[in-house]
Amino acid sequence: MPKRFPSLSGYGLGWSTRQRITVIAIGLTVLLALAATVALFTGRTSNSTSHTRTPAGARSTASAPAGPTASAGAGSVAKPPPLADPVAFAKAAAAMVWSYDTRTTSRSEQLAGMKAWLTAETKYADWPSIAAQVPDPVLWSRMADQDQYATANVSEAHYPSAFKQALADDPDAITEAYIYAVTVTGKQQIAWKQGGAGAEDRSITLAVQCRPNANCSLVSIAPRVVP
């Protein structure tokens, strides 16, 4: 049975301290006055995701969790939905990050599709943290050789406790950029040719921007999961 290659959501995790600081400075300035929340995005360990891997070739027997589902079929990445609620948008964004289809989508198309979710406010946009979720061209090609693809089911999303506390301490701070931290959990279903399949639990913390009277957009992906 062919061995599957690493999934998209594990990339960008082994950043150096300097790279992480750059990510925070560029993308997570979003939480300007929320110093406590910003600190949550400065993870200093590469153990950024909490998931359980299923051995390659094993078929998942667990039922998929209830929640939004995204698939990278039809040769394109899911488009950003017109949502104004940070939690709902974060669920959709996480499902998008965890979904891909190397059979129908090139690496450049994957990146272009993901970039469509990015905030247009360059002051806050942290594209490197999002692009880092995609494997390098060689690995993407190898994944494509195995017809690897993944779909995702989101089971839960919430504001991290420290973020809620920071908002409670200074409710007006959010009005600087209207950027919210949201932690999302779910399951990624992965498959590849010759019947290979598996499932992985996933968790991710996102920064999303939802200004009043406007649709939400993606700002950044934190280097570690924030509870």
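Every read-out reported here was derived from the displayed coordinates using simple, explicitly stated rules and does not represent laboratory data. Quantities reported herein were computed from a predicted structural model and do not represent experimental measurements. FYI the Cβ positions are ideal-geometry reconstructions off the backbone, even for glycines, and counts take in every protein chain you see.
Whose amide H sits under 5 Å from the amide H of Leu83, counting only residues 5 or more places off or on another chain, with H placed in the peptide plane?
For Leu83, the qualifying residues are Cys216.
Using 0.36 nm per residue, how much length does the chain from Glu109 to Asp172 gain when fully extended, once their Cα-Cα distance is taken away?
18.8 nm
With a/c under 1.5 counting as rounded, go ahead and sort region 98-164 into rounded, prolate or oblate using the C-alpha gyration tensor (a ≥ b ≥ c being the square roots of the eigenvalues; past the cut-off, prolate if a/b is larger than b/c, else oblate).
Verdict is oblate for region 98-164.
What translational D, rounded to a whole number of µm²/s, comes out for region 163-227 from Stokes-Einstein when the hydrodynamic radius is the Kirkwood one over Cα pairs, at 37 °C and 0.692 mPa s?
In µm²/s, the coefficient rounds to 231.
Can you report the principal axis dimensions of region 74-227 using only the alpha carbons, biggest first, rounded to whole angstrom?
Result, largest extent first: 54, 28, 24 Å.
Could you check the simple spin-label distance between Asp136 and Ser161, using points 7 Å along Cα→Cβ, in nm with one decimal?
Using points 7 Å along Cα→Cβ, the separation is 4.0 nm.
Net charge within 13 Å of Trp127 by Cβ-Cβ distance, Lys/Arg positive one each and Asp/Glu negative one each, not counting Trp127 itself?
Spelling it out: positives minus negatives among the neighbours equals 0.
Under 5 Å between amide hydrogens, which residues at least 5 positions from Ala197 or on another chain qualify, with H placed 1.01 Å from N in the peptide plane?
Hits under the 5 Å cutoff: Gly57, Ala58, Trp192.
Check cross-link reach from Lys91 to the aspartates and glutamates: straight Cα distance under 14 Å, and skip same-chain residues fewer than eight apart.
Counting by Cα, and skipping residues close in sequence, Lys91 has these aspartates and glutamates nearby: Glu156.
With θ set to phi - 60° and the Karplus curve 6.51 cos²θ - 1.76 cosθ + 1.60, what are the ³J(HN,Hα) couplings of region 204-219 in order, to the nearest whole Hz, using x for Gly and Pro?
Computed from phi, the couplings for region 204-219 are 7, 10, 10, 10, 10, 10, 9, 6, x, 6, 8, 6, 6, 8, 8, 10 Hz.
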